[in-house]
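Novice: I am attaching a structure below and will ask some questions about it afterwards.
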Amino acid sequence: MRICSQNRLGIIRDPTTKNGGATYIDLFCGPGRCQVRETGEWIDGGVVAAWKKSCEGGAPFTQIYIADLDAQRRRAAAERLRRLNAPVIEIDGAAAQAVKEIVTQPNTTHALNLAFLDPFDLANLSFDIIVALASLKRIDMLIHVSQMDLQRNAVSYAIADESAFDSFAPGWRDKVARGQSQQALRQQVLQYWRGKVADLGVWPSTEMRLLKGGKNQPLYWLLLAAKHELAHKFWATASNVEGQGKFDF
């Protein structure tokens, strides 16, 4: 039986045809289940929640690629997805290696692709991952940028001979002045990174959502990077449901 999916324009596409399908990519999938520290409640992890939402919306993803450096966690996520009849494919290795295999698959070449990048810190958000995903013709990326890591470690990253900034935003040393306030340093590094992403033809949004912890501490900025203008229009509305503003460092 063929499963069809619906793209942004409302056109139903068959994944068995050349131009069909909608692919979800999670390179930091974890075990597919999370526990809320404050309440002890267990909730779906990102990739499991994404699959359920796609089914609820009547346009299930036609392929789900998952990767995680911790193979045991990845296998746990895969098992949870298979119990839900999700079309999941596991890819071995760290995100920067796994993505190179994913972008060569025929169904990512021709499909609509959504990648969720949710690393723990800036070091794991290698710019090589963005470059690989940007090679796809149709790609939207939801990206977590660790505000906690920036606030805690920006100065140490700036003065070290090698640091997370080199992986996150290669070339920053030639563009960012290090002898400035922490706030200005963080802002310049992020603006430089945003420019590098935009140069790949995948435009990062100015609308951001700041995710906070139980004690109101800032954790991540969540933004969209996409090639299609319509995706940004949708995100501009979705990202401001709680009155969040533009990116503010």
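The values are calculated or read from the model by the stated rules, or taken from the named source; none is laboratory data. It should be emphasised that the depicted structure is a prediction, and the values quoted were computed from it without experimental measurement. Here Cβ is always computed from backbone atoms with ideal geometry, including for glycine, and neighbour counts include all displayed protein chains. Just so you know, the surface numbers come from the protein's heavy atoms only, side chains and all, with ligands and any DNA or RNA stripped out. Shrake-Rupley method; radii C 1.70, N 1.55, O 1.52, S 1.80 Å.
Novice: For the list (1) open to solvent by 60 Å² or more (accessible area, probe 1.4 Å); (2) hydrophobic (A, V, I, L, M, F, W, C); (3) more than 19 Å from the chain's Cα centre (by Cα); (4) within 23 Å of Leu223 (Cα to Cα), I need the number of the one condition that Ala154 fails.
Specialist: Exception for Ala154: condition (1).
Novice: Among the residues of the range 114-151, how many are open to solvent by 20 Å² or more (accessible area, probe 1.4 Å) and of a type in the set (A, V, I, L, M)?
Specialist: Number of matching residues: 5.
Novice: Cβ-Cβ distance below 6 Å, separation of 6 or more or different chains: which pairs start in the range 216-236 with a residue that is farther than 20 Å from Leu122 by Cα and among the hydroxyl-bearing types (Ser, Thr, Tyr) and end on one that is at pLDDT 75 or above and crowded, with 17+ Cβ neighbours inside 10 Å?
Specialist: From the range 216-236, no pairs qualify.
Novice: Which residues, taken from the range 111-145, are assigned to a strand (DSSP E or B) and more than 12 Å from the chain's Cα centre (by Cα)? Don't jump to the end; show me each part of the working.
Specialist: Pass one, the range 111-145, residues assigned to a strand (DSSP E or B): 112-117, 139-145.
Leu112, the sole residue that qualifies.
Novice: Select from the range 75-105 the residues that are small (Gly, Ala, Ser), outside any helix (DSSP H, G or I) and modelled with pLDDT of 95 or more and list them in ascending order.
Specialist: Narrowing the range 75-105 to residues small (Gly, Ala, Ser): 76-78, 86, 93-96, 98.
From the residues that got through so far, the ones that are outside any helix (DSSP H, G or I) too are 86, 93-94.
Across the range 75-105, the qualifying residue is only Ala86.
Novice: Could you please give the count of residues in the range 179-227 that are modelled with pLDDT under 90, among the charged types (D, E, K, R) and surrounded by 14 or more Cβ atoms within 10 Å (Cβ to Cβ)?
Specialist: 3
Novice: Could you please find all residues in the range 94-113 being open to solvent by 30 Å² or more (accessible area, probe 1.4 Å), touching a residue at least 12 places away in the same chain (Cβ under 8 Å) and not aliphatic (A, V, I, L, M)?
Specialist: Result: Lys100, Gln105, Asn107, Thr109, His110.
Novice: For the structure I just gave you, tell me whether Gly46 is modelled with pLDDT under 95, open to solvent by less than 20 Å² (accessible area, probe 1.4 Å), under 27 Å from Phe168 (Cα atoms) and not polar (S, T, N, Q). Lay out the reasoning, then the answer.
Specialist: Details: modelled with pLDDT under 95: yes; open to solvent by less than 20 Å² (accessible area, probe 1.4 Å): no; under 27 Å from Phe168 (Cα atoms): yes; not polar (S, T, N, Q): yes.
Taking the combined requirement at face value, the residue does not satisfy it.
Novice: Is it the case that the range 55-70 has a residue that's assigned to a helix (DSSP H, G or I), of a type in the set (A, V, I, L, M, F, W, C) and surrounded by 13 or more Cβ atoms within 10 Å (Cβ to Cβ)? Spell out the reasoning first.
Specialist: Pass one, the range 55-70, residues assigned to a helix (DSSP H, G or I): 55-56.
Subsequent filtering for residues that are of a type in the set (A, V, I, L, M, F, W, C) retains 55.
If we keep only those that are surrounded by 13 or more Cβ atoms within 10 Å (Cβ to Cβ) too, we end up with 55.
Yes, because at least one residue in the range 55-70 is assigned to a helix (DSSP H, G or I), of a type in the set (A, V, I, L, M, F, W, C) and surrounded by 13 or more Cβ atoms within 10 Å (Cβ to Cβ).
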